[in-house]
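Accompanying notes for the structure given below.
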C-alpha cells in the first residue's frame, strides 16, 4: 500500500472516497468539486482516495496525481477486494473526529454535508443520507433491483430506514473504527474476483451499530445519477447474480444479529 499525504495535525472531518476504474469521472473534475467545496469550510478536513486495485492505470494515475498536488488529499493504493475493503482501508487511515464516505461520481454532491453535520450536534453517532424510495434518473434495471432489495431488507432488517445503500454516510470517528473490524464483510482476505464486488456491507454496518447501542438517523439528500465510469458496467447475468448475493448477505447479517455476534 502506498500513501501520499498532505494534511494538518488536527482533523475535524475525514472524507473517504472509494475508487475503482473512475477514469471518466475523474476527467470531468469530481475531485476538484470536492476540493472547492471543502476549501470554503471553516473546519479542518482531509480526503482519502482509496483505490480498490483499479485495472485502469489511467484511473490510478489521475487520482494519485491529484492527491500529490492538492493539500489535504491522501491516496491509498490497495489490492482488489471490493468496495467494503476500499472503505475499510480508508477508515483505518482516517484521522477525523467525523468520518464520511461518499462515492467518486458525486451523484450526491459533497455540499449535502450541510444536512448531515448538524445531526451530530443533536447527539447522533451515525447519520446516513437517504434518497427515499425513488432514485432519480436510475437505469430501469438498477431501479428494479433497488425495489426488490429494499422490500426484502425492510422485512428482515432496519425496517425503519428507507434507504441504506446511498453512498453518503457519516460517523463519529471512534464509532466507525470500533464497528468496521467486526463486520464479516471485511474479516475475510480480499478475493480476486473481477469487478467492483458490490455488497450489502452498509446494512451490516448499521445493524452492528444499532446492536451496540449507537444512535443512527437518516436525512433526505439530493441524488442524481452522474456515474459515467465504464469499468463498473455489468451484464444482465452478472447483475442478477450480484443482486442475489446481496440478498444472501441480508440473511447472513440477520443470522449474525440473532446470534449476538455484533454485541460481543
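Give the number of residues within segment 219-240 that are part of a loop (DSSP other than H, G, I, E, B) and modelled with pLDDT under 90.
Taking segment 219-240 and keeping what is part of a loop (DSSP other than H, G, I, E, B), we get 221-235.
This time we only want the ones that are modelled with pLDDT under 90, so: 223-235.
Qualifying residue count, segment 219-240: 13.
Taking the numbered list (1) in contact with a strand residue (DSSP E or B) (Cβ under 7 Å, 6 or more places away or on another chain); (2) closer than 22 Å to residue 226 by Cα in turn, residue 58 passes all entries but (1).
For segment 63-81, a residue qualifies if it is touching a strand residue (DSSP E or B) at 6+ places or on another chain (Cβ under 9 Å) and either more than 18 Å from residue 229 (Cβ to Cβ) or touching a residue at least 60 places away in the same chain (Cβ under 8 Å) (or both), and the qualifying residues are 64, 67, 68, 70, 72, 73, 74, 75, 76, 77, 78.
Listed here are the residues, each with its yes/no results for (1) in a loop (DSSP other than H, G, I, E, B); (2) modelled with pLDDT under 75; (3) surrounded by 14 or more Cβ atoms within 10 Å (Cβ to Cβ).
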{"residue": "146", "(1), (2), (3)": "no, yes, yes"}
{"residue": "155", "(1), (2), (3)": "no, yes, no"}
{"residue": "170", "(1), (2), (3)": "no, no, yes"}
{"residue": "178", "(1), (2), (3)": "no, no, yes"}
{"residue": "181", "(1), (2), (3)": "no, no, no"}
{"residue": "196", "(1), (2), (3)": "yes, yes, yes"}
{"residue": "210", "(1), (2), (3)": "no, no, yes"}
{"residue": "217", "(1), (2), (3)": "no, no, yes"}
{"residue": "242", "(1), (2), (3)": "no, yes, yes"}
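Take residue 253 and tell me if it is crowded, with 18+ Cβ neighbours inside 10 Å, in contact with a strand residue (DSSP E or B) (Cβ under 9 Å, 6 or more places away or on another chain) and at pLDDT 80 or above. No; evaluated as a whole, the condition is false for this residue. For residue 104, the conditions (1) touching a strand residue (DSSP E or B) at 6+ places or on another chain (Cβ under 7 Å); (2) in a loop (DSSP other than H, G, I, E, B); (3) more than 17 Å from residue 173 (Cα to Cα); (4) free of Cβ contacts under 8 Å to residues at least 60 places away in the same chain all hold with the exception of (4). As a summary of the residue check, residue 84 satisfies the conditions (1) out of contact with any helix residue (DSSP H, G or I) (no Cβ under 6 Å at 6 or more places or on another chain); (2) at pLDDT below 95 except for the one numbered (1). Across segment 34-77, the qualifying residues are those that are assigned to a helix (DSSP H, G or I) and in contact with a helix residue (DSSP H, G or I) (Cβ under 8 Å, 6 or more places away or on another chain), and the one among them that is farthest from residue 110 (Cα to Cα) is 58. Does residue 24 meet the test of being part of a helix (DSSP H, G or I), over 16 Å from the mean Cα position of the chain (by Cα) and either closer than 20 Å to residue 181 by Cβ or in contact (Cβ under 8 Å) with a residue 40 or more places away in the chain (or both)? For residue 24, the condition - part of a helix (DSSP H, G or I), over 16 Å from the mean Cα position of the chain (by Cα) and either closer than 20 Å to residue 181 by Cβ or in contact (Cβ under 8 Å) with a residue 40 or more places away in the chain (or both) - is met. Looking at residue 13, is it at pLDDT 95 or above, within 16 Å of residue 68 (Cα to Cα) and buried (at least 19 other Cβ atoms within 10 Å of the Cβ)? In short, no.
The values are calculated or read from the model by the stated rules, or taken from the named source; none is laboratory data. Treat the numbers as computed from the prediction; the structure is a model and nothing was measured. Neighbour counts are summed over all protein chains in view; Cβ atoms, including those assigned to glycine, are modelled from backbone coordinates with ideal geometry.
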